[in-house]
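To start, the structure under review is shown below, and the notes come after it.
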Amino acid sequence: MLVYQSVLVLSVVQVVMCRADVSLWPRPLPSWTPVAGRVLREALTGPLSGHQVMLMVDDGVQRSLSLDLLLTGLTSPTVLLHTTMLSTDKGFTTQQASLTQSVLVAVVGTGSPWLLWSPPGWLSPRVVLVLVAAQTCSARKHFQSPLLQNTPSVALLCLNHKPQTPEYSTYSVMTHFPLSANPEPLSLGTWHLDTFTTLEDLFPDQFQDFGDTALSATLILDDKPAVFQRDDGEVDGLSVRILAAMAYWLNFTDSHNIVSDICFLVAATWGNRLENGSYDGMLGVVQRKESHMVINNYAITYQRVKDFDCSVSYFLEGYGMILKDPPPLPHWQSIFYPFTGIVWAAVGGIVILVTLAYYFVNIRGLRLSMILSFLDVLKSLLSQSVSQEPLVWVSRGLLGLWLLATWVLRVSYTSNLMAFLTVPALQAPLDTLEQLAESDLRLCMLDYGDFVPEALATSTNPILARLGAKLDLVPIIATLPHEGMEGCVELVMAGTHAHLEAYSYVRSLFHDLGHSGKVYPLKEQLYPGNQAFYFTKHTPWKYKFDIGMQRLVDSGLIWHWYSDIMQEASHSNKDKSRLPVLSLSHLQGSFLLLAVGGWLATIALLGERLLQPNTTSP
Ligand SMILES: *[C@@H]1O[C@H](CO)[C@@H](O)[C@H](O)[C@H]1NC(C)=O
Ligand SMILES: *[C@@H]1O[C@H](CO)[C@@H](O)[C@H](O)[C@H]1NC(C)=O
């Protein structure tokens, strides 16, 4: 609302200025100028009504055309821009944002109006309507001007001058399809309010068909999942598939301008902004118009959006951390895992209690010794039958209850044991950044000038600051296939570090190096950012990419492709190691127990024989 009001105020001031200007300047009016005024008024009240309009009148026109006449009866809110405002960029910053999205109506005369040929850099209207207020109209030339070349929707109103009866002169509406097979100006018909009632009538989509134009995308290959090279040599990836879909839809051929820099990971290759506002690296290639776009894993940032045309975001991705799986617990201990320590202690306690109880209830009838009572109680726990059936009903009841209790204990123990043998027993993995900050693990990252190390080190968030203090940087080694990422991978596999890198990239990196079954990503991500394509500033057909990419996102194709690409990365290794095969080694504990029991029994037998060699058992 505030912006709108200020624009209105601005318009009033400017109209006053211009009127003062004009009234000082009496001049003869060619008799077709009322027609121009009428067409302008009709355009503003017809197809352009309801849109915010910037009106610019070229200097050359003001000499031949009465601004008073042109502006009489204009009702829609209109910003009138004066050349003095345009030539100095001062005082324009606040309005810029609202002006860039609006409709620009330019009234120009003959020659090469500077507005079309050297427009100020901040001016990037969505729609431009040019009214040629002169007898001759060189449509082809006007369409070649930078402003019209850079604007998505343009139309030209050209005078069909009738020298004998100038008051019956008409205007025809011209447009062009710059990328189609026939880029010549095309007439849409004679201007009439009934024919051109909406913006779409006046501005048909000029980029329906790119006419098989070649568009080039600058990219580097080792950037899974955005761009990568498959084993068969084909370039594939999320961005590459998006580009192919757009090429199919818009009818252009996409060529890849693959940057094979010695050391692509250096941030300079991705594109840094230099002091003077120019970029190096891949963004520099696009800025110098040597390529149409970059499609690698670029996040949307404020500065880049100001310096480039940015597509809608197609993916959200942050920095992830890869950690080594905690080591599995040793196999021989597996006989203890089914119960926790407390349960084991409780079982022990109960055995003693039941032994005592059994001894005391049998003290009259069976006269079992304490040790025999204990053995009877223990036997049922180990699925052995009781040697002597008690006669007293109290003792029978007690034994029955105990048999039931041991049956429950045995079943739960066996089930738990089976579960532990089939699902590898692991220590609990980490989930959050906070847990990682509190753990003994350090962080590792390749030292390629990324913003993350500094951002962590200077963070005011205590968790991030603690992570920053634990971050170790490994150097770039250009001769290695992954430029030194291998250093961090080694540290992760040694169990001392977590590897910090773009989430999907680092996951596929560990897969490529054959470690995918042994590591896991932290659930929480760091600095999530929206990924997008960047185009040269003022790319007129960028909006077609926005529409198409948004459709790919909304229809779920992007996500489908992503999981397709990442599945390839996660399937092969992970599944083999995740489906354990039960082997003898899983039963180490049981065999150990058997061996120990066997030895004890043998020793007991030998002891008995040696101590009482003459005793014969019945
Ligand atoms: C793509 O453009 C070329 C050149 O204008 C044209 O010949 C071809 O028919 C177009 N293809 C489609 C599918 O429209
Ligand atoms: C900006 O500086 C770089 C080197 O510092 C130079 O190569 C480039 O041409 C400069 N760009 C402009 C627009 O001055």
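Hey, any hits in region 210-221 for a residue that's away from ligand 2 (no atom under 16 Å from the Cβ), of a type in the set (Gly, Ala, Ser) and farther than 19 Å from THR536 by Cα?
yes
Need a quick list: helices (runs of 4 or more DSSP H) entirely within region 371-471 having at least 3 residues that are over 33 Å from the mean Cα position of the chain (by Cα) and at pLDDT 85 or above.
Where helices (runs of 4 or more DSSP H) fall fully within region 371-471 and carry at least 3 residues being over 33 Å from the mean Cα position of the chain (by Cα) and at pLDDT 85 or above, they are 393-422.
Could you please find all residues in region 272-282 being within 13 Å of ligand 2 (Cβ to nearest atom) and either crowded, with 16+ Cβ neighbours inside 10 Å or under 18 Å from TYR448 (Cα atoms) (or both)?
Answer for region 272-282, where residues must be within 13 Å of ligand 2 (Cβ to nearest atom) and either crowded, with 16+ Cβ neighbours inside 10 Å or under 18 Å from TYR448 (Cα atoms) (or both): ASN272, ARG273, LEU274, TYR279, ASP280, GLY281.
Given the condition more than 16 Å from ligand 1 (Cβ to nearest atom) and under 29 Å from LEU480 (Cβ atoms), answer yes or no: does some residue in region 309-317 qualify?
Scanning region 309-317, I find at least one residue that is more than 16 Å from ligand 1 (Cβ to nearest atom) and under 29 Å from LEU480 (Cβ atoms), so the answer is yes.
Residue under question is LEU188, and the condition is that it be among the aliphatic types (A, V, I, L, M), surrounded by 14 or more Cβ atoms within 10 Å (Cβ to Cβ) and part of a strand (DSSP E or B); does it hold?
yes
On the given criteria, is ILE342 assigned by TED's automatic domain parsing to the domain that holds ARG410, open to solvent by 60 Å² or more (accessible area, probe 1.4 Å) and more than 20 Å from SER380 (Cβ to Cβ)?
yes
Condition check: within 16 Å of ligand 1 (Cβ to nearest atom) and open to solvent by 30 Å² or more (accessible area, probe 1.4 Å). Does ASN160 satisfy that?
Judged against the criteria, ASN160 is not a match.
Please tell me if VAL285 is at pLDDT 90 or above, in contact with a Ser or Thr (Cβ under 6 Å, 6 or more places away or on another chain) and within 30 Å of PHE207 (Cβ to Cβ).
Considered against the rule, which asks whether it is at pLDDT 90 or above, in contact with a Ser or Thr (Cβ under 6 Å, 6 or more places away or on another chain) and within 30 Å of PHE207 (Cβ to Cβ), VAL285 comes out as no.
Which of the residues belonging to region 346-370 are open to solvent by 80 Å² or more (accessible area, probe 1.4 Å) and either modelled with pLDDT under 85 or not in a helix (DSSP H, G or I) (or both)?
ARG364, ARG367, MET370, listed by residue number.
Pairs only if they're at least six apart or on different chains, beta carbon under 9 angstrom, first in region 510-532 and hydroxyl-bearing (Ser, Thr, Tyr), second assigned to a loop (DSSP other than H, G, I, E, B) and open to solvent by 10 Å² or more (accessible area, probe 1.4 Å); list them, first residue then second.
Pairs found: TYR520/ASP325; TYR520/PRO429; TYR520/LEU430; TYR527/PHE451.
Select, from ILE463, ILE477, the only residue that is open to solvent by 30 Å² or more (accessible area, probe 1.4 Å) and in contact with a Gly (Cβ under 7 Å, 6 or more places away or on another chain).
Sole residue among the options that is open to solvent by 30 Å² or more (accessible area, probe 1.4 Å) and in contact with a Gly (Cβ under 7 Å, 6 or more places away or on another chain): ILE477.
Please verify whether region 316-336 includes one or more residues that are over 30 Å from PRO225 (Cβ atoms), surrounded by fewer than 16 Cβ atoms within 10 Å (Cβ to Cβ) and among the aromatic types (Phe, Trp, Tyr).
There is at least one residue in region 316-336 that is over 30 Å from PRO225 (Cβ atoms), surrounded by fewer than 16 Cβ atoms within 10 Å (Cβ to Cβ) and among the aromatic types (Phe, Trp, Tyr).
Yes or no: region 436-445 includes at least one residue that is open to solvent by 70 Å² or more (accessible area, probe 1.4 Å) and without any contact (Cβ under 8 Å) to a residue 40 or more places away in the chain.
Yes, there is a match, as at least one residue in region 436-445 is open to solvent by 70 Å² or more (accessible area, probe 1.4 Å) and without any contact (Cβ under 8 Å) to a residue 40 or more places away in the chain.
The values are calculated or read from the model by the stated rules, or taken from the named source; none is laboratory data. All figures in this text were calculated on a predicted structure; none of them were measured in a lab. So basically every Cβ, Gly included, is an ideal-geometry build from the backbone, and we count neighbours across all protein chains shown. We work out accessible area using only protein heavy atoms, side chains counted, and drop any ligands, DNA or RNA first. Shrake-Rupley method; radii C 1.70, N 1.55, O 1.52, S 1.80 Å.
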